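In what follows, a structure is listed as structure tokens, so that the remarks can point back to it.
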Amino acid sequence: MESCCRILVLISGNGSNLQAIIDGCDENLHAEVVGVISDNPEAYGLTRAHRHEIDTSCVIAHQGENRADYDNRLNAAIERYQPDLIVLAGFMRILGEELVTKYQGRMLNIHPSLLPCYPGLNTHERVLAAKDTEHGASVHFVIPALDAGPVILQAKVPVYEGDTVEILAERVHEQEHAIYPLVVKWFSQGRLKMHDGKAWLDNEVIGVSGYAPD
Ligand code: NHR
Ligand code: GAR
């Protein structure tokens, strides 16, 4: 890709994945984080963005506001950045079909489970309750159906007896920080696409469990 990929990151909280992507972009001439939007004005990720002189906006849901009105305000904030890629990084609001469709193929999410297992919230709790021995994270294209878009890359972690939610979450986070910047790099290089409801890397379909080198 000749021109720089303009990346907009949406957060709600700590922003450790945002940090990993900022750090990854520092080493990648193809990509730049041009803005960070948070639905939470207290999100620590906003401080991280400011440290890197990255522009930030907050789009805070009003009490009683319906989802369509929120999405319209979010859409206006997004448009100001003219992004080539939108990265959801711990963004905690479900987005409506119109907004997602507008950016389909240009919107990524990282989800803390081995999708299609455990879509939705509280994944670490559910993995422990089920006594699973394996857990992980998935990067996927966002489609209107929640956590159901085509998976691009997964990382697995073991679950040990005696693990707590905190310990397990930290183990998953470490893997997230490795895989998310890599996927962003692929996209910014023009190697990663979505079509026919599937993810493609270098013109090859990515399998349902994400890219795995032979
Ligand atoms: N929007 C669409 N249309 N599709 C997806 O795949 C999306 C999405 C928005 C966010 C991230 C997702 C995750 O990785 C994500 C994927 C929030 C909720 C949720 O239930 C679920 C999944 C994800 C993000 N949010 C509550 C809501 O009513 C609010 C919860 C809260 O504020 O604590 O929006 O897990
Ligand atoms: C990450 O583990 C991400 O997978 C998860 O929230 C964390 C955000 O951490 N995402 C969701 O649960 C989305 N519903 P971060 O703010 O430090 O990047």
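The values are calculated or read from the model by the stated rules, or taken from the named source; none is laboratory data. Here the structure is a predicted model, which is why all the values come from computation and not from measurement. Cβ coordinates were reconstructed from backbone atoms using ideal geometry, including for glycine residues, and neighbour counts include every protein chain displayed. Surface accessibility is based on the protein's heavy atoms, side chains included, excluding ligands, DNA and RNA. Shrake-Rupley method; radii C 1.70, N 1.55, O 1.52, S 1.80 Å.
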Taking the conditions exactly as written (open to solvent by less than 60 Å² (accessible area, probe 1.4 Å), touching a Pro at 6+ places or on another chain (Cβ under 8 Å) and in contact (Cβ under 8 Å) with a residue 40 or more places away in the chain), does Ala20 satisfy them or not? yes
Have a look at Gln82, Gln63 and point out the one that is in a loop (DSSP other than H, G, I, E, B), under 24 Å from Gly149 (Cβ atoms) and open to solvent by 80 Å² or more (accessible area, probe 1.4 Å). Gln82
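Residue-wise test of (1) surrounded by 15 or more Cβ atoms within 10 Å (Cβ to Cβ); (2) without any contact (Cβ under 8 Å) to a residue 24 or more places away in the chain.
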{"site": "Gly120", "(1), (2)": "no, no"}
{"site": "Thr123", "(1), (2)": "yes, yes"}
{"site": "Val127", "(1), (2)": "yes, no"}
{"site": "Thr133", "(1), (2)": "no, no"}
{"site": "Val139", "(1), (2)": "yes, no"}
{"site": "Pro144", "(1), (2)": "yes, no"}
{"site": "Val151", "(1), (2)": "yes, no"}
{"site": "Lys156", "(1), (2)": "no, no"}
{"site": "Tyr160", "(1), (2)": "no, yes"}
Would you tally the residues in the range 179-211 being among the aliphatic types (A, V, I, L, M), open to solvent by less than 70 Å² (accessible area, probe 1.4 Å) and out of contact with any helix residue (DSSP H, G or I) (no Cβ under 8 Å at 6 or more places or on another chain)? 5
Which pairs have Cβ atoms under 7 Å, sit 6 or more apart or on different chains, and link a residue in the range 67-78 that is of a type in the set (D, E, K, R) to one that is buried (at least 16 other Cβ atoms within 10 Å of the Cβ)? Arg67/Gly96; Asp71/Leu95; Asp71/Gly96; Asp71/Leu99; Arg73/Val59
Could you list, in sequence order, the residues of the range 46-60 that are surrounded by 15 or more Cβ atoms within 10 Å (Cβ to Cβ), assigned to a loop (DSSP other than H, G, I, E, B) and touching a Gly at 6+ places or on another chain (Cβ under 8 Å)? Ile54
Hey, can you tell me all the residues within the range 169-207 that are polar (S, T, N, Q) and not in a loop (DSSP other than H, G, I, E, B)? Gln175, Ser188
